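Below is one structure, written out as structure tokens, with a few remarks after it.
The values are calculated or read from the model by the stated rules, or taken from the named source; none is laboratory data. The model shown is predicted, which means the values in this text are computed figures rather than measured ones. Quick reminder, even Gly has a Cβ in these numbers, built from the backbone with ideal geometry, and neighbours come from all protein chains shown. Only protein heavy atoms, including side chains, enter the accessible area calculation; ligands, DNA and RNA are left aside. Shrake-Rupley method; radii C 1.70, N 1.55, O 1.52, S 1.80 Å.
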Amino acid sequence: MIKEDLKKVRNNIPNDVTLVAVSKTKPNSDILEAYKAGQRIFGENKVQECVEKHESLPKDINWHLIGHLQTNKVKYIAPFVALIHAVDSFKLLKEINKQAKKNNRTIDCLLQFHIAQEESKFGLSFIEAQELLGLPEFVELQNVSVIGVMGMATFTENEEQVREEFQALENYFNVLKSHFFKFNDAFKTISMGMSGDYQIAIEEGSTMVRVGSSIFGNR
Ligand SMILES: *Cc1c(COP(=O)(O)O)cnc(C)c1O
């Protein structure tokens, strides 16, 4: 079933859009099934779970941390994480840089934006992001690479609203690109779209979708 559902999702996604298979709460056996079908990028939202899965599953899996990340837990994923999606403060970015340096590597990160109407969701405002990127200390962070933006739309049936929120994120990306990353080819990722809304997200410029339940079933 996972194999077939993964194939269905893949067929709905253009080749230049990256699929992150969100495996949070799902057992290793489910992940291996997707792995055998060729999937190599998996997304987890909890540090402990991500570490355990990394330890027991094939080492050529790219693990993405997609959930809110506490500063004091960065050290556990720093040795192996491929992309951190939810950077929402300079303090966090600084800690990622510190732990990346300890591990002799550079860690790719996305800035998470608050685009939904819901209060509970984490993320930066556009002004906060501009302030962060404008800090003199930002350019001193040699072991992090900010490669784009991430956001979650409101959980609603209202397609137009979801579309507008994705448009806002794409717009943020474009403005930041022209102001801060004009000569940085690495800044090219717009991580938006989940099981319920990835089609809309792709129409609005997503380059990376994070799909869980449409592949692995409900949690
Ligand atoms: C759980 C989660 C997803 C995947 O959600 P589905 O609706 O199962 O596709 C995507 N992004 C984030 C940040 C998540 O926490």
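When H64 is evaluated against the numbered criteria (1) open to solvent by 80 Å² or more (accessible area, probe 1.4 Å); (2) part of a strand (DSSP E or B), which criterion, by number, is the only one it fails?
If we test H64 against (1) open to solvent by 80 Å² or more (accessible area, probe 1.4 Å); (2) part of a strand (DSSP E or B), just (1) comes out false.
Run G123 past the list (1) on the phi < 0 side of the Ramachandran plot; (2) within 21 Å of the chain's Cα centre (by Cα) and report the number of the one that doesn't hold.
Of (1) on the phi < 0 side of the Ramachandran plot; (2) within 21 Å of the chain's Cα centre (by Cα), only one is false for G123: (1).
Which of the residues that make up the stretch 20-38 are open to solvent by 20 Å² or more (accessible area, probe 1.4 Å) and touching a residue at least 12 places away in the same chain (Cβ under 8 Å)?
If the condition is that a residue be open to solvent by 20 Å² or more (accessible area, probe 1.4 Å) and touching a residue at least 12 places away in the same chain (Cβ under 8 Å), then K24, T25, K26, N28, D30, L32, E33, Y35, K36, A37 are the ones that fit.
If you go through the stretch 68-88 one residue at a time, how many are in contact with a strand residue (DSSP E or B) (Cβ under 8 Å, 6 or more places away or on another chain) and open to solvent by 10 Å² or more (accessible area, probe 1.4 Å)?
4
Which condition number in (1) without any contact (Cβ under 8 Å) to a residue 60 or more places away in the chain; (2) within 16 Å of the ligand (Cβ to nearest atom); (3) open to solvent by less than 40 Å² (accessible area, probe 1.4 Å) is the one that F216 fails?
Among (1) without any contact (Cβ under 8 Å) to a residue 60 or more places away in the chain; (2) within 16 Å of the ligand (Cβ to nearest atom); (3) open to solvent by less than 40 Å² (accessible area, probe 1.4 Å), F216 violates only (1).
Quick one: which of G67, G43, G38 is farther than 22 Å from D197 by Cβ and not hydrophobic (A, V, I, L, M, F, W, C)?
G38
May I ask you to list the residues in the stretch 127-170 that are under 19 Å from the mean Cα position of the chain (by Cα), within 16 Å of the ligand (Cβ to nearest atom) and open to solvent by 30 Å² or more (accessible area, probe 1.4 Å)?
M152, F155
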